[in-house]
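Have a look at the structure below, then the notes.
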Amino acid sequence: MEVFLQQLVNGITLGGVYALVALGYTMVYGIIQLINFAHGEIFAAGGYMGVILISWMVAQGYPPFVCLGVALVLAMGYCALLAMAVEKLVYKPLRSSSRLSVLLSALGMSIFLQNGLMLTQGVYDRAYPGEMVQGGFEIGGAMVSYMQIVIVGITVALLVGLNTLVFKTRIGKAMRATAQDKTMSALVGINASRIISLTFAIGAALACAAGIMVGMYYGSVRYDMGFVLGVKAFSAAVLGGIGNITGAMLGGLLIGMIEVFAAGYISSEYKDVFAFIILIGVLYFMPTGIMGENVDDTRV
Amino acid sequence: MTTPASRKLWLGYAVAMLWLYVLLWPLIGIKPGGLEFATSAAIWAKLAAISAILLVLWQLKQRGVFDFVSRPAEAVSKALGKATDRVPTRLWLVLAFACAVAFPLVTERYAHDVAISVLVYICLGLGLNVVVGMAGLLDLGYIAFYGVGAYTYALLSVHFGLSFWLCLPIAGAFSAVAGCIIGYPTLRMRGDYLAIVTLGFGEIVRIILNNWMSLTNGPNGILGIKPPGAYWWQDGKIEHIWLGSLEQFYYVILGLAVCTIVAVYRINHSRIGRAFEAVREDQTAAELMGVNTLGIKLLAYAMGAVFGGLAGAFFAARMRFVSPESFTFIESAMVLAMVVLGGMGSIPGVILGALALIALPEIFRGFELYRMFVFGGVMAMMMLFRPKGLWPAKRMGARSEERD
């Protein structure tokens with residue numbers, strides 16, 4: 001029971017992070033039907049921006065929570081700019097070409113960004129400053145660290161914020177309209193280009209927050225950490241029903257839980273395999289996912 | 001240069017450069033010790049200068065300033081093209097083959113080593129070309145079949161002492177089976193899902209190789225794999241020598257590459273090749289015309305896997321050592337980059353792509369670190385500026401306007 005509770009706590013922490021990354025995949029897929037391979041690299045870039053900013057601010061002597069808050073905001077802004085630049089540079093000019101081309105250029109961009117990170121930040125792990133959030137408490141035998149509380153808190157705040165943005169505001173309405181029908185939404189005066197750009201920016205900001213939290217949670221970041229996590233987050237998006245925002249949140253949480261429990265009860269060596277198996281299983285038996293939406297029969 | 005178009009271009013340039021600096025500086029300039037601007041500004045200035053020069057050149061070209069060079073150059077290249085067209089293709093092929101055969105005689109060890117890698121990657125690229133180029137299925141886990149082939153030969157050689165030549169078809173067959181196992185559940189999916197699922201499968205294969213200690217010896221790999229042998233009949237019994245030197249390896253892989261080229265060429269010109277193309281261009285229409293689309297896709301996948309497996313068996317024999325390290329996603333991406341760079345569906349294109357991606361970095365060894373960085377960028381840019389690759393594939397037969 002104690003092990004179970006502990007895994008549950010870890011699963012929720014990890015699942016929230018997956019959900020944040022999955023949202024970027026699902027929103028971009030929902031609006032332009034592209035698997036944005038570069039999204040995992042945006043996540044890694046976020047982790048690096050976090051470590052860069054936090055190290056700098058800690059060295060300047062600011063208190064930990066100020067460091068974390070300011071770094072979060074600045075890094076999210078940075079990643080949003082990065083994603084918008086990528087979108088403008090390689091996805092937008094390819095909007096009318098075949099889907100295979102766009103997919104390949106997305107893959108190229110992913111390799112480009114990953115190696116760009118390696119060139120500027122080095123091939124070794126970069127450690128987060130250790131003294132950020134320390135300590136924890138115990139519930140029913142399970143250790144909950146304050147770090148986990150902070151991570152879950154930030155995740156929930158971001159998810160609620162996104163939900164409000166998408167479902168309650170005019171911009172959100174425009175985003176949903178563009179995802180449903182680009183031509184019609186253009187006819188009623190929505191600037192599709194701008195909405196797509198904004199979608200990339202929002203997804204990137206969420207992924208960036210996830211990157212910082214993963215970095216804090218595990219204590220370090222690495223230039224290639226976006227690859228496996230990206231695939232897992234994409235699995236989460238597919239599990240929830242690609243294009244569906246609530247689905248991505250749910251899918252992320254589920255994938256996080258499954259991974260943690262599978263690692264705990266079945267095999268920790270094969271923990272990365274489970275996400276892939278779920279991805280394949282879902283696509284084979286239930287291609288519309290749990291919340292099922294936005295599945296059209298267009299092919300590459 | 002004050003036309004509205006050029007003004008817009010330079011405005012775009014200025015915005016892009018501003019953007020670039022904003023993205024570049026935080027990565028380089030923020031250090032725990034303090035903020036620093038010199039390094040990032042230096043890199044940025046170089047990039048800005050290079051792109052400004054390229055833009056100026058491009059604008060001058062648009063305005064016809066270089067016509068005095070480009071017109072005669074074009075005429076010369078056209079005349080050359082005509083002259084080379086008159087020489088029959090067979091002659092070119094014979095010439096290329098003769099050069100390939102003579103290559104080890106006029107070069108030394110290091111060049112042999114590079115040439116062997118190039119040929120291995122040509123085999124891989126051509127195999128992937130069947131899947132991506134001909135059938136239009138984006139496979140991001142192709143290196144898994146290379147791994148299956150390599151481990152098949154490694155295990156059979158180490159545990160049962162089977163000969164390379166016997167294991168070659170077995171490795172191909174195992175890879176084909178692996179291809180079918182992976183392909184059957186995935187090939188019904190939409191194209192872009194296929195990409196990510198094959199990526200997942202590629203990783204699964206690598207993780208299994210890494211963790212199945214009793215079979216694969218995990219990350220330590222398998223040592224002591226025998227090289228191929230040459231066998232002959234003498235005095236009533238079989239004699240053999242091991243083909244262990246680099247030249248001998250070169251000829252073995254050259255033979256394998258030539259077989260692959262011929263096979264892929266024949267597939268391309270066969271009924272099956274047409275079916276691949278039909279599925280690639282329009283699956284629904286192909287199905288209406290009586291093509292068994294799932295069967296054809298599975299066939300493409302299995303065929304691609306066979307070539308990967310053969311190359312893998314050779315790789316194991318060449319290195320005499322296999323470990324999961326050699327079968328990472330980056331390798332898959334590299335083979336894919338070759339196919340994309342050379343021209344999807346084009347055999348000479350893939351060969352050119354392999355040469356460019358394997359041999360060029362050997363020449364520019366000082367830039368080793370930048371290799372994947374440049375590949376990624378080139379791959380994305382190729383899609384923008386030359387989506388059909390360096391040596392575009394010739395279309396087989398006539399078809400209506402293509403939509404996508």
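Laboratory data are not the source of any read-out in this text; all were calculated from the coordinates shown. What you are looking at is a predicted structure, and each value in this text was computed from that prediction instead of being measured. Cβ sites come from the backbone with ideal geometry, for glycine too, and all protein chains shown count toward neighbours.
Details
- Förster radius 30 Å - calculated FRET efficiency between A:Lys173 and B:Trp19 (Cβ-Cβ, nearest 0.05): 0.55
- Shown for the protein assembly as shown: cysteine residues without a partner Cβ closer than 4.7 Å, namely A:Cys67, B:Cys99, B:Cys123, B:Cys167, B:Cys180, B:Cys259.
- Region B:179-204 and region A:119-185 have Cα centres separated by 30 Å.
- Neighbouring Cβ atoms from other chains, within 10 Å of the Cβ of residues in B:25-33, number 6 on average.
- Cα-Cα P(r), region A:143-236, percent of pairs per 10 Å interval: 14, 35, 30, 16, 4, 0
- Here chain B is assigned +1 on the Cβ of each Lys and Arg and -1 on the Cβ of each Asp and Glu. Its dipole about the Cα centre then comes out at about 940 debye.
- Relative contact order for chain B: 24 percent, from Cα pairs under 8 Å spaced at least 6 residues apart, divided by residue count.
- Cα shape, region B:4-84, gyration tensor, a/c 1.5 rule: prolate
- Between region A:1-45 and region B:65-95, the Cα center-to-center distance that results, in Å: 54 Å
- For q = 0.05, 0.06 Å⁻¹, Debye-computed log10 I/I(0) when each Cα of the protein assembly as shown counts as one equal scatterer: -0.26, -0.38
- Magnitude of the charge dipole for region B:290-404, about its Cα centre and with charges confined to Cβ atoms of Lys, Arg (+1) and Asp, Glu (-1), is about 260 debye.
- Protection proxy ranking of A:120-126, A:255-261 - average other beta-carbon atoms within 10 Å, highest first: A:255-261, A:120-126
- Sorting the segments B:82-95, A:37-50 by their residues' average number of neighbouring beta-carbon atoms within 10 angstrom, most packed first, yields A:37-50, B:82-95.
- Counting Cβ atoms of other protein chains within 10 Å of each residue's Cβ and taking the mean over peptide A:265-278 gives 3.
- For the peptide B:382-394, the mean number of other protein chain Cβ atoms found within 10 angstrom of a residue's Cβ is 3.
- Summed over qualifying helices (DSSP H, 4 residues or more, each -39500 (n - 2.57)) and divided by its residue number, chain B shows a 222 nm mean residue ellipticity of -23500 deg cm²/dmol.
- Relative contact order, whole percent, for chain A stands at 37, derived from Cα pairs under 8 Å and 6 or more residues apart.
- Separation of alpha-carbon centers, region B:11-52 and region B:107-165, rounded to whole Å: 41 Å
- Positive dipole terminus of region B:4-84, leading residue within B:Gly81, B:Ser6, B:Ala49 (C-beta point charges): B:Gly81
- Listed residue pairs exceeding 23 Å between alpha carbons, taken from B:Lys46/B:Lys388; A:Lys88/B:Lys8; A:Lys88/B:Lys31; B:Lys8/B:Lys61; A:Lys182/A:Lys232; A:Lys271/B:Lys226: B:Lys46/B:Lys388; A:Lys88/B:Lys31; A:Lys182/A:Lys232; A:Lys271/B:Lys226
- Interchain or long-range residues, amide H under 5 Å from B:Val322's placed H: B:Ile222
- Using alpha carbons only, the radius of gyration of chain A set against its Kirkwood radius gives Rg/Rh = 0.97.
- Ranked by the mean number of other Cβ atoms within 10 Å of their residues, highest first, the peptides B:137-145, A:65-73 fall in the order B:137-145, A:65-73.
- The simple Förster model, with R0 at 51 Å and r as the Cβ-Cβ distance, assigns B:Leu11 and B:Thr107 a FRET efficiency of 0.50.
- Alpha-carbon Debye profile of chain B, log10 I(q)/I(0) at 0.07, 0.08, 0.09, 0.14 Å⁻¹: -0.42, -0.55, -0.68, -1.31
- Sites A:Leu8 and B:Gln234 - FRET efficiency at Förster radius 51 Å, r taken between beta-carbons, to 0.05: 0.10
- Relative contact order, percent, region B:114-252 [alpha-carbon distance under 8 Å, six or more residues apart]: 25 percent
- A simple charge model with +1 on the Cβ of Lys and Arg, -1 on the Cβ of Asp and Glu and nothing else charged puts the dipole of the protein assembly as shown at about 2060 debye relative to its Cα centre.
- Between the listed residues A:Val238, B:Leu299, A:Tyr48, the Cα displaced farthest toward the positive end of the dipole of the protein assembly as shown, a dipole computed from Cβ unit charges relative to the Cα centre, is found at B:Leu299.
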